[in-house]
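Colleague: Below are the structure tokens for one structure; questions will follow.
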Amino acid sequence: MGMQDLIEVKGLSKKYGKLTVLDRLSFTIQKAEIFGLLGPNGAGKSTFISILATLCRPTDGDILINGLSVTKQSDKIKKNLGFVPQEIALYPMLSGIDNLNFWAGIYGLSGGIKKERIQQALSVVRLEDRAKDRVDNYSGGMKRRLNIAVALLHHPDILIMDEPTVGVDIQSRKYIMDAIKALKKEGKTIIFTSHYIDEMENLCDRIALIDKGSIKSIGTVGELQRIYGREKIEEILLDFLRD
Amino acid sequence: MVAFIALLKNDAKLVLRDWKAIVLLLAMPFLFICLFTYALAPLLNKSSFMDPFNIALVDNEGTVQTRMLANQLDRLEIFKEVMRVDESEARQLLHENKIAAIIIIPAEFSNSVYWGRNKPVTVIGNKSMPLQSFVVKNVAQSAANLVSAGQSAINTIYHYNQKAGMSGEELQKEFSESTMKVLMETLSRNEMFSKVDDADNISVTPAEYFTASLMVIFLMFAGMPTMKMLVTEKSLHLTDRLRVSPIAAWQVIASKFMISIILSVVQFGLIIALTSTVFKNYWGGPVMRVLFLLCGIIFAVSSWSIFVSSIAKTSASADIIGNLGILIMAVVGGSIYPLSSMPEFVRDLSNFTINRWASEGFMIIFSGNDGLSVVNNFYALIVIGLAFLIISTAILKLRRY
Ligand SMILES: Nc1ncnc2c1ncn2[C@@H]1O[C@H](COP(=O)(O)OP(=O)(O)OP(=O)(O)O)[C@@H](O)[C@H]1O
Ligand SMILES: [Mg+2]
């Protein structure tokens with residue numbers, strides 16, 4: 001384990017009754033890394049993300065963030081987490097800016113700093129012109145982008161995103177990917193899941209291939225290509241699914 | 001603190017966005033009270049406002065006079081049955097909540113009247129039936145007043161006769177006669193108690209009766225908008241986001257609680273203002289008593305809302321569960337049909353409803369009697385509220401993982 005390890009997953013298991021959703025996961029994520037979770041539907045990606053975001057308790061094992069346990073010290077961790085859920089979690093009857101205003105308040109921001117952060121977040125996801133419109137008048141892609149903007153307001157060190165680009169057009173996807181890259185430059189650690197393999201290859205420092213609750217492989221795109229002797233991550237994934 | 005204020009502001013904003021619903025919510029109770037009062041009041045006679053109840057009579061004298069007294073009580077419509085029992089049986093009945101009060105006639109009661117001595121009738125009231133025991137106390141008191149008026153008359157006659165220079169034997173004879181006459185007249189007059197009944201029955205008007213029973217229902221409705229907010233938050237996945245944020249779950253609920261308190265207070269204030277001007281409802285009792293009851297009701301109602309939001313998964317199911325729950329509590333709690341006409345198990349069950357304790361509390365306030373207390377009603381409401389809160393916390397905890 002390197003000195004840069006920010007997140008340490010230790011023997012993490014999650015069971016729903018007899019169904020094992022996560023099976024003794026152990027790996028680490030480094031600071032300022034973009035870490036991708038790739039796997040078919042039902043692989044357990046969202047479950048892992050929920051545990052990491054302190055939303056859900058593991059059956060066994062733990063995750064340490066900066067040495068703090070997500071199960072026992074969640075209060076200390078929360079301030080430093082930005083969470084983008086798989087579903088759109090916004091007030092549809094409020095405007096974009098009112099949504100941001102609310103969440104900024106929830107994170108204790110006020111006055112000038114709050115205004116500044118809201119503008120910043122809007123510009124990261126390129127929603128400045130539509131900020132005053134009601135969210136239920138937004139397109140799907142715009143909602144996704146606002147969904148991400150909400151998680152940026154309090155400048156968290158760790159950003160956890162569950163399928164941030166699902167159902168989004170090419171332009172919105174580009175905006176989102178640009179935003180992720182910009183955040184990495186600022187030194188943020190980003191963990192995200194996606195079904196778009198090109199996006200993963202393009203963005204991620206490392207990728208974890210996950211299937212049926214266990215990690216099949218972790219590595220950089222190059223490492224995975226070498227291990228499996230395949231050019232494309234997509235092919236590697238298809239190999240798995242065939243088994 | 002910044003976070004909690006942001007939460008509260010947002011909740012208030014969301015509730016006020018639906019201002020039509022709020023106006024409807026605030027106007028509805030008054031419309032219903034009007035409707036019920038004008039449409040139904042003529043169908044109800046006055047005794048409906050206090051349903052007949054049982055009392056026990058302990059006659060320690062057992063003479064013709066006291067038996068006449070007992071018969072007088074029998075004739076009062078307000079008493080379903082006047083049970084002739086001994087004192088220990090009476091206390092047992094009181095303990096089992098089968099009677100509202102015990103009237104104890106002391107030994108030598110008639111003689112004491114005869115000799116102008118004071119041997120008072122004792123009334124022991126049932127704490128859980130404050131209104132009823134109040135009526136019994138009043139009946140007994142008025143009877144006592146009549147008797148002592150008779151006593152004074154006797155004394156006056158005695159003194160007058162003495163002053164007039166009557167001789168010893170004549171005086172004694174005249175005195176006995178007049179005493180007997182007064183006593184017999186007092187006791188045999190049918191009107192003695194029926195007058196009491198008319199004059200001192202708790203004066204609750206039809207409007208007050210309907211205000212008491214309907215207000216509770218509408219205060220329960222006042223909890224619905226915030227309750228639905230909690231459910232909507234859940235279905236919009238906002239709850240997940242709130243749980244990841246540093247804000248605590250109790251703060252999210254407390255904010256809704258506060259909004260629902262504000263709504264209830266506004267609604268309560270409006271009802272007081274309107275019913276006191278239009279129907280002249282009696283709201284003049286001690287302010288603390290009204291506040292006390294209001295606190296109890298609001299706590300119970302808000303907890304009820306939290307409870308519904310903890311079991312409902314969608315806004316639609318919250319509506320159904322909420323409305324159905326309010327309806328059931330209204331029926332079981334006697335807000336729709338008088339409890340006294342219900343089977344015994346419903347009456348027992350009613351003790352678990354907000355309505356039963358709240359309506360009774362309002363009736364106590366409207367009765368205008370400062371001697372009655374709503375403390376029991378307050379405690380009952382707090383206990384019901386706590387129960388709802390504890391159950392919801394348990395459900396929310398279970399749901400979480
Ligand atoms: N609350 C729950 N109760 C029971 N089973 C659950 C629960 N939540 C998730 N599961 C199960 O856990 C497994 C993993 O679900 P998860 O949502 O983590 O998958 P995923 O990898 O995110 O899939 P997707 O790509 O479709 O989002 C699934 O089989 C799912 O049915
Ligand atoms: Mg998922």
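Colleague: Any idea what angle helix A:170-185 forms with the longest principal axis of chain A, computed on alpha-carbon atoms, 0 to 90 degrees, nearest 10?
Modeller: Helix A:170-185 and the main axis of chain A meet at about 80 degrees.
Colleague: Treating the angle as unsigned and between 0 and 90°, give the value, to the nearest 10°, between the Cα long axis of helix A:233-242 and the longest Cα principal axis of chain A.
Modeller: 60 degrees
Colleague: Next question. For region A:86-155, what is the Kirkwood estimate of the hydrodynamic radius, computed as the reciprocal of the mean inverse distance between distinct Cα atoms, to one decimal in Å?
Modeller: Over region A:86-155, the inverse of the mean reciprocal pair distance is 11.6 Å.
Colleague: Right, another one. Would you mind listing how long region B:51-97 runs along its three principal axes, going by Cα atoms, in whole Å with the largest first?
Modeller: 31, 26, 7
Colleague: Evaluate peptide A:48-58: per residue, the Cβ atoms of other protein chains within 10 Å of its Cβ; return the mean as an integer.
Modeller: 2
Colleague: What is the log10 of I(q)/I(0) for region B:231-280, computed with the Debye formula using one identical point scatterer on each Cα and no solvent, at q = 0.25, 0.29 Å⁻¹?
Modeller: Here log10 of I(q) over I(0) equals -0.91, -1.02.
Colleague: Just to check I understand the Karplus step: with θ = phi - 60° and J = 6.51 cos²θ - 1.76 cosθ + 1.60, what whole-Hz values come out for region B:20-27, glycine and proline as x?
Modeller: Result, rounded to whole Hz: 5, 4, 5, 4, 4, 4, 7, 7.
Colleague: Still on this model: Averaged across B:234-242, how many Cβ atoms of other chains sit within 10 Å of each residue's Cβ atom?
Modeller: 6
Colleague: Which percent of Cα pairs goes in each bin when the distances of region A:104-243 are cut into 5 angstrom slices starting at zero?
Modeller: 2, 9, 17, 19, 17, 14, 9, 7, 4, 2, 0, 0
Colleague: Which ³J(HN,Hα) values in Hz, rounded to whole numbers, follow from the phi angles of region B:69-74 under the Karplus curve 6.51 cos²θ - 1.76 cosθ + 1.60, where θ = phi - 60° and Gly and Pro get x?
Modeller: 4, 4, 4, 4, 5, 4
Colleague: OK, next. With n ≥ 4 as the cut-off for DSSP H runs, can you work out [θ] at 222 nm for the protein assembly as shown, using -39500 (n - 2.57) per run divided by the number of residues, rounded to the nearest 500?
Modeller: -19000 deg cm²/dmol
Colleague: Just counting partner chain Cβ atoms within 10 Å, what average do the residues of peptide B:88-96 show around their Cβ? Don't skip to the end; give the middle numbers.
Modeller: Values: counts 0, 0, 0, 0, 0, 0, 0, 0, 0.
Shielding by partners across B:88-96 averages 0.
Colleague: I've got another one for you. Tell me which residues come under 5 Å, amide H to amide H, from A:GLN86 once H is placed; ignore anything under 5 positions away on its chain.
Modeller: A:ASP162
Colleague: At a 10 angstrom cut-off on C-beta neighbours, averaged per residue, how do the peptides A:56-69, A:92-105 rank from highest to lowest?
Modeller: The most tightly packed comes first, giving A:92-105, A:56-69.
Colleague: On C-alpha positions alone, give me the angle between the axis of helix A:140-150 and the longest principal axis of chain A, in degrees, nearest 10.
Modeller: Approximately 90 degrees, to the nearest 10.
Colleague: Ranked highest first by the average count of other Cβ atoms within 10 Å around their residues, in what order do B:289-300, B:219-230 fall?
Modeller: Result, highest mean Cβ count within 10 Å first: B:219-230, B:289-300.
Colleague: Using only the alpha-carbon atoms, what does the protein assembly as shown span along each of its principal axes? Please give whole angstrom values in decreasing order.
Modeller: 136, 48, 39
Colleague: Charges at C-beta only: +1 for Lys and Arg, -1 for Asp and Glu. How large is the resulting dipole of the protein assembly as shown about its Cα centre, in Debye rounded to 20?
Modeller: The dipole of the protein assembly as shown has a size of about 2040 debye.
Colleague: Related question: Dipole of region A:43-91 (Lys/Arg Cβ +1, Asp/Glu Cβ -1, origin at the Cα centre): which of A:LEU64, A:GLN86, A:SER50 lies farthest to the positive side?
Modeller: Positive-most Cα among the choices belongs to A:LEU64.
Colleague: Within the protein assembly as shown, what percent of beta bridges assigned by DSSP are antiparallel, to the nearest 5?
Modeller: Percent antiparallel among DSSP bridges in the protein assembly as shown is about 50.
No value in this document is a laboratory result; all are computed from the given coordinates. Worth saying up front: this structure is predicted, and the values here are computed from it rather than measured. Please note: Cβ atoms are built from the backbone with ideal geometry, for glycine as well, and neighbour counts cover all protein chains shown.
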